[in-house]
Structures are given as C-alpha cells and as structure tokens.
Amino acid sequence: MNRRPHRLIGTALVAALALIVAATGAGWAAQDATQARIERVENGLRSVVPIKGEPGRNILERMKALAIPGVGVAVISDYKVAWAKGYGVMDAETKQPVTEKTLFVAGSVSKPIAAMGALRLVQEGKLRLDADINDALRSWKLPDNAFTKTKKATPRLLMSHNAGTTVHGFRGYAAGEPVPTLRQILDGEPPANSAPIRVDLEPGKLWRYSGGGVTIMQQALIDVEKKPFPEILREKVLAPIGMTSSSYEQSFSPERLPFASSGHTADGKVIEGKRFIYPEMAAAGLWTTPTDLAKAAIELQLSIQGKSNKVLNRETARLMVTPRIKVAADQDMALGFFLEKNGAYFGHGGQDVGYICSLVAGVEGGNGVVVMTNSEGRAGELIGEITRAVAQEYGWKGYVPEPVEVISLGADQLKPFEGRFRLDSDNVLTIKVSGSALTGQETGAPAFDLLPVSPTEFVRRDQPVRYAFDASGGLAIRRGSGDFKVERLATGEAVPLERLMMGRFDEAVDLYRKVHTANPKDAAIAEGRLNTMGYQIMARKLYAPAVKIFELAVEFYPESWNAYDSLAEGLAAKGDVAGAIKNYEKSIALNPKNVAGAEKLAKLKEKR
C-alpha cells in the first residue's frame, strides 16, 4: 500500500496549522498593540497648551470632573477605523452604558454630510454650483432685495457660509412643542422659533456662519429630487458609504430607539423629553455614531486621492478641502468643512440642545477622530483633550504644539501684575495673586491659571494665548502672531455687564447708552445680545430690570418687531397689562405675521 500521499497530507496539515497559529498570534499581537494605544489615549488627555512634565489626564476622571455622562470615540488610522469605544452612560437616569453603537445627534456636523449630498447632485448635473439658488428652488423662493440685485446666493456660497444669509443656528423643538414645516422655518412664521432666513449682506462679500443658508440648501435638494430630505441623503450619501446606523429622520423606529442617547444639561441632568426635534435637518438633524461619521471622513480622504468614488469623484471631493474664504488667522472655509493648520486638516464641530460633538481628519495621511457626547456643558473642553491625545498617539503632523516649560515665581514677583484690564466695551480681565499662583478671570467666565514661562510672560492651559507685561505694568495679549495692548481700569471703574451682575441695573443701562453713543454697531449692544440678557434676567423673576434691558433694545432698534415683542412679554410678566398691549400692537404693526404675539395680545385684552 502506497502511504506517501498520506505523508504529504500530514505535512500539508502541519504547515496549515502552523500558518493558522502564526496568523492567530499576529492577530493577538495586533489586538494587544491596539489596546495599548487605546489605553495611552485614555490616559493621555492633553490641554490646549501642553505643559512640559505634566502627566496626561484620564478620560473617565475628566468626564466626572466636567459632568459629562457619555462619550463615544472613533479613531481613524491608515484610512480605516482603527477602533471605536463608548464611555459612561447613554442616560444619567437609566444608566445604560454607551457603546460603539450608541446614537448621538451630530448638530452642525450634519452640515458637511448634507453638503456631500448637494455636491453629489452637482456632480450628477442636477444642481449648478454657481447658479442662483432660486433656479433650483420650486416650492419656495429666497426673496430678492437690494443685496441680491447684482449678486445672487448660490449653492457654492451657501455651503461656504458666504451667501450673506441670516440665522446663525437653531434651538430645535422640545418634546411636546409644535414643530413647524420647513417653509415656516424659512419665513420665520410660527410655530418656528427662529427669524426669517433672508440675505442681508452682499453675497460673496463676507464670511458669516449661517445655518439658515444650509436650510435653504435643504429645501433646494427636496425640490430638485422631489423626495423627503432623509431619503435623499440616505440614497446619495449614507447608504453608499455604509453609514448604516445614520439617518436624518427625527423620529425613531422601535429598533433604533434603544440605541439613542439622551441629551443632558451642563450639570449632567437629562433634558426634558430626552431629545429635541430638528426639522432643520441639513443644519442640525443627523443622528449617527462616531464610527459612521469616521466612515464619511475616510470616504472623503480616499475620494480626494481618487481611490474611491462611492459619493464624489476626485474633482468634486477636493472642493470640500479647498480653501474658499478666510474665517480666522488659522482657519479657512471650504465647501461644508472648516480647514485648520494651513489646510492640512478638515473638520466641523456640532452642538444641539443636550449634545456636543466634533470630527477632525487629515487631508493626507489617513488619520482622524470623531468624538460625540451627550452633554451641552463643558464637553467641548473634553473633546479637545481627547482629540489632542489621539493626535499625539498617532503622530498627526503639526497638530499638537510643543510643550512649554513653566518656571517658578514667588508671590512678591507676581504682585505687580495684579489689576483689571479692559478687553472690550463689556469685558474685563481681572488678574490677581491667589496663594502662590497668578489667576485671570474675564467678566462672567470661570477663572484660569496664568503660568509663568518667563519673569514677565504667562500662558494658560485652555487657550493658545500669551500675556506679556512690560516694565510699567502694561499688558499685551498675544493670539497667534498678533498682539493687542489692553489698558488698566481705574479703581471703581466697571463695564456695563459688571454692573448688571452686581444688580445695579440703572447704572448698567446708562453705560450701555454710552457704548451706543460711541459705536452703535458695538457687539456689546447687538439686539440679540440685549434680548438674551433681558430673558436671562427675567428668568430670575427680576421683571423690572428685565424690562429696562428690553426698553434699551427698543430704543436702539426701533424698527425691530421682535424688540417690541420681548418688551411686551417683559411688561406682561411685570404686571403692566396696558404697556404690554401697547407694545404687542407695535410689534404686530411691524410684523403682521407675528401670530404668537397676536395670540398673547388677544388674551391680554380679554383680561382688561
């Protein structure tokens, strides 16, 4: 009997087993290496300005310190999702843990994903990038005015926040609140809680962030495709990329609901109703996971190199990472994405009620990270720390600054730097010695340490800012490559906001009038800011002081229907029914579409 074949089979079997063992061992080694990297990231959280010799911080300890219930992370390395992991809980009440499958709302990170959908239609010849957006709109038109006479709002301008459109962002709608149609949002008609979306700057002239402009794009895509927006984005972007957990739908199926995290306030409490609804889907409404957003970033990275075209070809993809307009000294805007570090990285942050998140990825090199949280508090601080820890571990080129070396100075050396310095018309930097350290605090903001790097120069951990004192005690603040000098305030001198915080409302009003006299366009007296301050004061049941602020808004903005509406509401809360009626009537005369104001007016007249 010839047994040679059996010996060959035996030899082949041994060889195969050896290969399996070797492959298994290599797999275990790779898993061990990945786990080691995860642990270094988890324990290597870094402040904005790293300090030489300081150890990294632990992610769970930082979550606890910042009152952040849950975090999801997905890391991109070599054009793949290297790992994804959840930390903390989806809901502070149920204590259900966050996993890599937990859903978060992406907030404004919804915008660049929606932009991919719009560019897909451009690529298909269904949308013209530089044509008047009204050419694409059918069921609603962006009203023309003096600003659009010669230049039009186009998809290119709208996607780069350069079309002169209004409405920065959207609050969304709490559970139980009436939800407006998209047309009601576009026209600012009740029950919409945002102003009409219009052009009030010459298109193409200035960069101004506008969720309103992205919402116009949402309507354009609906009109072009004649389908619901979530369906369009699923077909054009989400499904081709494999973002199987993602949707712009604002309701959850029974299968998806168990994966949806709850939003939380800054102190870690579940928001009422758990989640808000965002009919402004393109601007703020994408529900997704960190892994799915990482897949979108990878697809764009590969498309830029011509190695994939599941959504966009190379030429179109490059529009999303090509600078269009300067946003800040170290930041540019492309179509959909912001660009940082001289265009080496693309990304976007997002915040909805109860949630904050971020996506950052390299244009080259195949690196990136997505961090999503279910907190609206100091989550941005944690997100930055995690991002820098990932960048450090994976060797992102030029992303993490070199650590600075801090020296030691005695209290007697620090004492001359104490003082109050005016930063602008409504903000003061107070510097003082606290124990053996120097601290700084801007009006109404938390205090921070000023760390000496020389006998006269200081840094802070949380911002890339340097504070340099001269021999006479003057102060220059350096941000990037520019310095600006700030003056010391005389003893007893205060800005308006400080007087408000002291409860000295009449003095604050007088000071705001002086600011207005000096510069009617000063940001300190912007209508929206005054309106917000009035409502914040009213929330403390200080109705008379709130009315003073609302009256100031009416004085400065006599043509604003909203200013009269807010004043009327404040007067009604104060008990001045006649005054409330008078101002609601003025508001409605300026804006006959103020249906909510008309309803309140009718109820007040019934009480008379």
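Details
- Counting only Cβ charges, +1 for Lys and Arg and -1 for Asp and Glu, the dipole size of the chain around its Cα centre is about 1240 debye.
- Listed residues LYS227, LYS111 arranged by accessible area, highest first, probe 1.4 Å: LYS227, LYS111
- Using C-alpha pairs under 8 Å with a sequence gap of at least 6, the mean separation divided by the residue count of segment 139-259 gives a relative contact order of 27 percent.
- Alpha-carbon centroids, segment 28-85 and segment 346-372: separation in whole Å: 15
- Solvent-accessible heavy-atom area per residue, rounded to whole Å², over the chain at 1.4 Å: 47
- Centre-to-centre, using Cα atoms only, segment 183-216 and segment 102-174 are separated by 10 Å.
- Label point distance in nm, SER472-GLU606, each placed 7 Å from Cα along Cα→Cβ: 6.7
- A protection proxy built from the mean count of other Cβ atoms within 10 Å ranks the segments 298-308, 35-45, most packed first, as 298-308, 35-45.
- Eligible lysines near LYS95 by straight Cα distance, threshold 19 Å, same-chain separation 8 or greater: LYS64, LYS85, LYS269, LYS274
- The relative contact order of the chain comes to 14 percent, based on Cα pairs under 8 Å that sit 6 or more residues apart.
- Mean Cβ neighbour count within 10 Å, used as a protection proxy, ranking 510-522, 330-342 highest first: 330-342, 510-522
- Overall dimensions of segment 267-391 as given by Cα atoms, namely Rg and Dmax in Å: 15.4, 46
- Spin-label pair ARG40/GLU507, simplified geometry with 7 Å Cα→Cβ offset, distance in nm: 5.5
- For LYS52, neighbours were defined as the other residues whose beta-carbon sits under 10 Å from its Cβ, and their charges (Lys and Arg +1, Asp and Glu -1) total -3.
- Shape of segment 536-608, Cα gyration tensor, a/c cut at 1.5: oblate
- When the chain is described by a simple charge dipole with +1 on each Lys and Arg Cβ and -1 on each Asp and Glu Cβ, the residue from VAL270, PRO520, ALA118 located farthest towards its positive end is ALA118.
- Shape of the chain, Cα gyration tensor, a/c cut at 1.5: oblate
- Here GLN463 and ASN145 are evaluated by their C-beta separation; at R0 = 60 Å the FRET efficiency comes out at 0.95.
- Ligands, DNA and RNA left out, the 1.4 Å accessible surface of segment 117-236 is 53% carbon and sulfur atoms.
- Between the residues ILE407, PHE421, PRO452, the greatest Cα displacement towards the positive end of the dipole of segment 380-530, with unit charges on the Cβ of Lys, Arg, Asp and Glu, is found for PHE421.
- Order of exposure, largest accessible area first, which applies to ARG499, ARG234 with probe 1.4 Å: ARG234, ARG499
- Three-way shape label, segment 149-193, alpha-carbon gyration tensor, a/c 1.5: prolate
- Sequence-separation-based contact order of segment 216-324, relative, with Cα cut under 8 Å and 6+ spacing, percent: 26
- Label-point separation, GLU93 to LYS126 (7 Å along Cα→Cβ), nm: 4.1
- When shorter helices are ignored and each DSSP H run of at least 4 residues is given -39500 (n - 2.57), the per-residue value for the chain at 222 nm works out to -11500 deg cm²/dmol.
- Here ARG540 and GLU235 are evaluated by their C-beta separation; at R0 = 60 Å the FRET efficiency comes out at 0.75.
- Relative to the Cα centre, the charge distribution of segment 127-208, modelled as +1 at Lys and Arg Cβ and -1 at Asp and Glu Cβ, gives a dipole magnitude of about 220 debye.
- Size descriptor for segment 310-452, Kirkwood hydrodynamic radius: 18.4 Å (Cα pairs only, one decimal).
- Dipole magnitude for segment 473-564: computed about the Cα centre from +1 point charges on Lys and Arg Cβ and -1 point charges on Asp and Glu Cβ, it is near 340 debye.
The values are calculated or read from the model by the stated rules, or taken from the named source; none is laboratory data. What you see is a predicted model; the values in this text were computed from it and never measured. Glycine also receives a Cβ, built like all others from the backbone with ideal geometry; neighbour counts cover every protein chain displayed. Keep in mind that these areas ignore ligands, DNA and RNA; they rest on the heavy atoms of the full protein, side chains included. Shrake-Rupley method; radii C 1.70, N 1.55, O 1.52, S 1.80 Å.
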